[in-house]
1. Order these by the 10 Å Cβ neighbour count, fewest first: A:48, A:79, A:93.
2. Given the pairs A:65/B:67; B:46/B:67; A:58/B:106; A:76/B:46; A:43/B:67, which are separated by over 22 angstrom at their Cα positions?
3. With viscosity set to 1.002 mPa s at 20 °C, what whole-number translational diffusion coefficient in µm²/s follows for the range A:4-120 from Stokes-Einstein and a Kirkwood radius over Cα pairs?
4. How big is the charge dipole of the protein assembly as shown about its Cα centre, in debye rounded to the nearest 20, if each Lys and Arg gets +1 on its Cβ and each Asp and Glu gets -1 on its Cβ?
5. Would you kindly work out the equivalent ellipsoid of chain B from its C-alpha gyration tensor and give its semi-axes, the square roots of five times the eigenvalues, largest first in whole Å?
6. Assuming a ≥ b ≥ c are the square roots of the Cα gyration tensor eigenvalues, decide whether the range A:6-68 counts as rounded (a/c under 1.5), prolate (otherwise, with a/b larger than b/c) or oblate.
7. Among A:27, B:63, B:101, rank each residue by its count of other Cβ atoms within 10 Å, from fewest to most, as a rough exposure measure.
8. Under the classification rounded if a/c is under 1.5, otherwise prolate if a/b is larger than b/c and oblate if not, where does the range A:32-71 fall, given a ≥ b ≥ c as square roots of the Cα gyration tensor eigenvalues?
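The numbers here are math on the coordinates, done by the rules we state, and not lab data. Bear in mind the structure is a predicted one, so any value in this text is a computation, not a measurement. Note that each Cβ is placed from the backbone with ideal geometry, even for glycine, and that neighbours are counted across all protein chains shown.
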Amino acid sequence: QVQLVESGGGVVQPGRSLRLSCAASGFTFSGYAMHWVRQAPGKGLEWVAVISYDGINKYYADSVKGRFTISRDNSKNTVNLQMNSLRAEDTAVYYCAKDQGTTISGMDVWGQGTAVTVSS
Amino acid sequence: QSVLTQAPSPSGTPGQRVTISCSGSSSNIGTNYVYWYQQLPGTAPKLLIYRNNQRPSGVPDRFSGSKSGTSASLAISGLRSEDEADYYCAAWDDSLSGWVFGGGTKLTVL
């Protein structure tokens, strides 16, 4: 079955960097776009970024544009989120999610999430 | 402030039918598909409805989605206690070139 496992979360000081990873299995990873979505404590879902199946097209939420970078390695079935210049408001559970299609169709399967806390 | 607006939290008793609404604009719901997600307490979101009204395999037909103009709705019939969860709508926004979510609706089953 489709499985997504996030890793890399933790506590980090404001202004520092963190890299999240998501390991995918159970489907042809190179055939699907992948997303990162976050949820601040007690808040709703906020879409962060998406990368197309071939890694060529990338889109970001305005709140992270210029600070976060999404990438993927189709040989390793992983998608990453490099987060720089972290702020307190980036504190959230970060979910990796598989898209339904090769372009950007919508999230269908989600991982269990990894928690990021930005605090001094 | 979310781009998609979801109505305040509804409640219902077992067996009832409830509707959750989601309002957007011409750049998102008006021109793109709507997705609905269910998030049970302490768990990751789960896809409930895709492409406005399609159910993934395994989702009971008690759940149905619809869209009209710049608004969408999720209906749950035969309400059960296990339906108590947060529900989110989502759509691609052409103006933002990104996905937008509603603020979420917490459904309470009395």
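1. Numbers: A:48 25, A:79 30, A:93 18.
Ranking A:48, A:79, A:93 by Cβ neighbours within 10 Å, fewest first, gives A:93, A:48, A:79.
2. Numbers: A:65/B:67 31 Å; B:46/B:67 20 Å; A:58/B:106 32 Å; A:76/B:46 25 Å; A:43/B:67 25 Å.
Beyond 22 Å between Cα atoms: A:65/B:67; A:58/B:106; A:76/B:46; A:43/B:67.
3. Details: Rh = 13.9 Å.
Approximately 154 µm²/s, per Stokes-Einstein.
4. Working: 19 positive and 16 negative charges, 26 e Å.
Using Cβ point charges on Lys, Arg, Asp and Glu, the protein assembly as shown gives about 120 debye.
5. On the way: eigenvalues 104, 37, 32 Å².
Semi-axes from the Cα gyration tensor: 23, 14, 13 Å.
6. Values: a/c = 1.72, a/b = 1.51, b/c = 1.14.
Prolate shape, in that a/c is at least 1.5 and a/b is the bigger ratio.
7. Working: A:27 15, B:63 18, B:101 23.
Neighbour counts put them in this order, fewest first: A:27, B:63, B:101.
8. On the way: a/c = 3.25, a/b = 1.72, b/c = 1.89.
Oblate is the answer for the range A:32-71, as a/c is 1.5 or above yet b/c matches or exceeds a/b.
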